[in-house]
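Readers should treat all values here as calculations from the given coordinates under stated rules, not as data from a laboratory. Note that the structure is a prediction, hence the values are computed from the model and not measured. Quick reminder, even Gly has a Cβ in these numbers, built from the backbone with ideal geometry, and neighbours come from all protein chains shown.
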Amino acid sequence: MAVYTQVGAEEAAELLARYDVGDLVALKGIAEGVENSNYFVETTRSRYILTLYEKRVDPEDLPFFYALLGHLHAAGCKVPRFIDDRDGNWLQQLCGRPACLIEFLSGFSVSTPTAVQAQATGKALGDMHKALADFTMERPNSLGVAAFRPLAMRCGTDALDSISPGLSERIFAECDYVEAHWPVHLPVAAIHADLFPDNVLILDDRVSGLIDFYFACTDIRGYDLAVTHAAWSFSSDGADYHPEIGRALLSGYEQSHGSDRATRDAFPILARAACLRFLLTRCFDWINTPKSAIVTQKDPLAFLRRLDFYTDRFDKL
Ligand SMILES: Nc1ncnc2c1ncn2[C@@H]1O[C@H](COP(=O)(O)OP(=O)(O)O)[C@@H](O)[C@H]1O
Ligand SMILES: N[C@@H](CCOP(=O)(O)O)C(=O)O
């Protein structure tokens, strides 16, 4: 469960009084999520998400996320908007943390996606990329390829090897490979960068919302597709590749956005980088999250197994 900061009903009610959203009826901590503290808020008028920003979100980046979601919403993409208070402020302080009230979107995130749901998600990703073609704000990817080696060093070789013997050597070899072969010539744009099944809301096999844009950044567009492919097309432990899901995701994406030869050719390395990114952040969290934190830790090795697949067994797109 990701609730790092406890918010009392009185504090939430006081915050809501600044908005034109009705009075507090219910406040519940949300079990899912890893990065921030999230609460489900019900008022006499509607439902909202209250997010308090924790460790990985830099408050300086929030204007980028605010503008990005506003841009996507205006283009017709199903994303939640930040709510302005009566004075036009969307960023608040609550319990010592930066906090925002956010539109609630209906839908469920699926844990075992079907091909139909993967196709719908691929299309939603393609639609999002099309909509972001004229989005001009930039945010460098703080978890991009240049960050992998420093992150591995911060984890430390002993701690990495305690997760799995030989892991540190494998990770540093993969950093060497990805740094040497990174396809710098591919189109760069604003991307989501974390479109896992838990960040896609689905209703009746249609995408009702894309959420959790807090890793959104400016990077290779095809890398976003590779992250999504790696996140969606495997059993959760990463041991089994589900080709029908991978194919459906790509077909949905191509239906909306199309694809180019250079991105298809670079896909194996984009996917390897995606796996390394999540392997590293999961290792870092595994090593550093205090035992007392109320959060479900994610298995780093599920992304080592995916990395093995893209390295040894993946056919070209
Ligand atoms: N706008 C939203 N509408 C509906 N549910 C949401 C919304 N934002 C977040 N949630 C719920 O909160 C959970 C955690 O949100 P998320 O942004 O993924 O957290 P974190 O950034 O901490 O990983 C989601 O899995 C979803 O259940
Ligand atoms: N998707 C990442 C972790 C980030 O968590 P999220 O809830 O913000 O998507 C992973 O699975 O490692």
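Over the Cα atoms of segment 152-234, what radius of gyration and what Dmax do you get, in Å?
Values for segment 152-234 (Cα only, Rg and Dmax): 16.3, 47 Å.
According to the square roots a ≥ b ≥ c of the eigenvalues of the Cα gyration tensor, what is the shape class of segment 163-207, taking rounded for a/c under 1.5, prolate for a/b larger than b/c otherwise, and oblate for the remainder?
oblate
Among GLN93, GLN117, GLN255, which one moves the most in a GNM of the chain with springs linking Cα atoms closer than 10 Å?
GLN93
Let me make sure I get this right: for segment 208-317, a, b and c are the square roots of the gyration tensor eigenvalues over alpha carbons, sorted descending. Under 1.5 in a/c it's rounded, otherwise prolate if a/b > b/c, else oblate. Which is it?
Prolate.
Considering the alpha-carbon set of segment 264-317 alone, what are its Rg and its Dmax in angstrom?
13.7, 45
Connecting C-alpha atoms closer than 10 Å in a GNM of the chain, tell me which of ILE30, ILE220, ILE202 has the biggest fluctuation.
Per the Cα network of the chain with a 10 Å cutoff, ILE30 tops the list.
How compact and how long is segment 9-103, expressed as Rg and Dmax of its alpha-carbon atoms in Å?
Spelled out, the Cα radius of gyration and Dmax of segment 9-103 are 13.0, 37 Å.
GNM on the chain, C-alpha springs below 10 Å: top fluctuator among ASP176, ASP299, ASP219?
ASP176
Over segment 97-217, how many percent of alpha carbon pairs lie in each 10 Å bin up to the one with the longest distance?
11, 29, 30, 26, 4
Farthest toward the dipole's positive end in segment 115-312, which of VAL184, LEU304, SER236, given Cβ charges of +1 (Lys, Arg) and -1 (Asp, Glu) about the Cα centre?
VAL184
State log₁₀ I(q)/I(0) for segment 200-270 at q = 0.25 Å⁻¹ as given by the Debye formula over alpha-carbon point scatterers of equal weight, solvent excluded.
Calculated log10 I(q)/I(0) at the listed q: -1.42.
So what is the relative contact order for the chain, in percent, with contacts set as C-alpha pairs under 8 Å and at least six apart?
Computed over the chain, the figure is 19 percent.
Work out how far the C-alpha atoms of the chain reach from end to end along every principal axis, then list the three figures in whole Å, largest first.
Extents along the principal axes: 56, 45, 34 Å.
What list do you get for VAL25, VAL200 if you sort them by fewest beta carbons within 10 Å?
The most exposed by this proxy come first: VAL25, VAL200.
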